[in-house]
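Beneath this line is the structure, given in structure tokens, with notes to follow.
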Amino acid sequence: MLFDSTSLQGLTLDNRVGLAPMTRVSATADGCATDEMAQYYAKFADGGFAFLVTEGVYTDSAYSKGYLNQPGLVTDDQVDAWEQVVDAVHDAGSPIFAQLMHCGAQNQGMPPSEPQETIAPSPVQPEAEKSEAYGGSGSYPVPEQATHDDLETAREGFVSAATNAAEAGFDGVEIHGANGYFLNEFLSSTMNQRDDEYGGDPEARVRYPAEVVSAIAEAVPEDFVVGIRVSQTMVTDTDHQWDEGEDAAAVFFEELSAAGAEFIHTTEPDATVASFGEDGLTLAKAAVEYVTDDTVVIANGGLGTPAAARSALEDGADLLTLATGALANPDWPQRVADGDELTEFDYREFLRPEATISEHELTLED
Ligand SMILES: Cc1cc2nc3c(=O)[nH]c(=O)nc-3n(C[C@H](O)[C@H](O)[C@H](O)COP(=O)(O)O)c2cc1C
């Protein structure tokens, strides 16, 4: 099953295994992708990953940027700089999607000395400390509640970043609606306490993310893929669950898919474990159950062994992605197809003390 070729909205994929998005804060200070990043991404395509999703890329110059040295898709220079990455990955034979990210209240990496204004659906402070591996320290600031003008600016940012991604040659975009960042916060009744049309029941909470999906879908070329990533859990609240459980999932997946999401990429810490009650559905299975039309479902989280990866497909997901398993095994698909042993992931080797790309990650070992 893992190695059946398949298609994703017109793109032919050699197998079912993709690279999950991973922020590596290795761009230039003004948000341009580098030659090193081109080598880093191409290596996963060389190693057999059938599609790649980039790290979270910021979308506007107002409040979207969440880390120092995060790449953007805002300026002409940033668009030009991505071309070297896209070309290298295409030359190695895989499609690549840009993950479009607005950090919301989780402005992760900025040290306390940086200006710390953030916006979110509501002025709710994320409970956790910022990540030192991403250059941050201390607590997150209390965000300002996003005004309707802020929402318009953010939506326009997402749309222009998507059309910029098409211009840079990307095959599509993944909108970041997971892990506690801006769009994900709308889905949560803890982080979203709005009393306007964007807060309240699940139908209202998914309205703004769905508007972003449909605005992008209308703006990009016909054959450009548009998907969204969704999770219950957040970087700053790793046990977070939607109050309405599966009922919320039903509304979210149906609305996002109807708005034009051609894939939904679910992520949970362990995608093989039920997300809604002990015997309930996994998040990916809930997506399979509730999407409309032919929206493709991608599962992620804890799928780094061949057995776990297979079980996600048996559970109904069309595709799966690996993050940490891919760092440790940039040729995971080839190794598994050849029956070779996999390397265990070790944080210290890749992401400590900082999450930047290391020299040893740039070439595949023979
Ligand atoms: C270094 C690192 C950076 C990450 N950055 C992002 C990101 O930019 N966007 C995102 O949606 N998820 C991000 N994630 C989460 C991963 O995509 C993935 O969901 C998580 O690691 C679980 O998958 P795994 O068990 O295969 O590692 C990151 C994870 C790691 C380890």
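Values for this structure:
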{"read-out": "Residue identified as touching a residue at least 40 places away in the same chain (Cβ under 8 Å), open to solvent by 10 Å² or more (accessible area, probe 1.4 Å) and closer than 25 Å to E203 by Cα among T238, T267, T292", "value": "T267"}
{"read-out": "Residue check, E152 closer than 30 Å to P330 by Cα and of a type in the set (D, E, K, R)", "value": "no"}
{"read-out": "Filter pass, L303 being of a type in the set (A, V, I, L, M), out of contact with any strand residue (DSSP E or B) (no Cβ under 8 Å at 6 or more places or on another chain) and in a loop (DSSP other than H, G, I, E, B)", "value": "no"}
{"read-out": "Answer from D318, D294 - the residue that is of a type in the set (D, E), away from the ligand (no atom under 11 Å from the Cβ) and at pLDDT 95 or above", "value": "D318"}
{"read-out": "Pair list, Cβ < 8 Å and 6+ apart or interchain, from segment 313-330 residues that are more than 14 Å from D270 (Cβ to Cβ) and assigned to a strand (DSSP E or B) to residues that are more than 13 Å from the ligand (Cβ to nearest atom) and open to solvent by 10 Å² or more (accessible area, probe 1.4 Å)", "value": "L319/T6; L319/R16; L319/V296"}
{"read-out": "Segment 11-32, residues that are more than 15 Å from the ligand (Cβ to nearest atom), more than 27 Å from L68 (Cβ to Cβ) and either of a type in the set (D, E) or surrounded by 13 or more Cβ atoms within 10 Å (Cβ to Cβ) (or both)", "value": "L11, L13, D14, N15"}
{"read-out": "Unmet criterion (only one of (1) open to solvent by 10 Å² or more (accessible area, probe 1.4 Å); (2) in contact with a Ser or Thr (Cβ under 7 Å, 6 or more places away or on another chain); (3) over 28 Å from A308 (Cβ atoms)) for D35", "value": "(2)"}
{"read-out": "Matching option when the condition is among the acidic types (D, E) and touching a residue at least 60 places away in the same chain (Cβ under 8 Å), among E254, E262, E278, E244", "value": "E262"}
{"read-out": "Looking only at segment 124-176, and only at residues there that are under 25 Å from T233 (Cβ atoms) and of a type in the set (S, T, Y), the one that is least open to solvent (accessible area, probe 1.4 Å)", "value": "Y140"}
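The values are calculated or read from the model by the stated rules, or taken from the named source; none is laboratory data. Fair warning: this is a prediction, and the values are worked out from it, not measured in the lab. Here the Cβ is made from the backbone with ideal geometry for all residues, glycine too, and neighbour counts use every protein chain on show. Note: accessible area is taken over every heavy atom of the protein model, side chains too, but ligands, DNA and RNA are not part of it. Shrake-Rupley method; radii C 1.70, N 1.55, O 1.52, S 1.80 Å.
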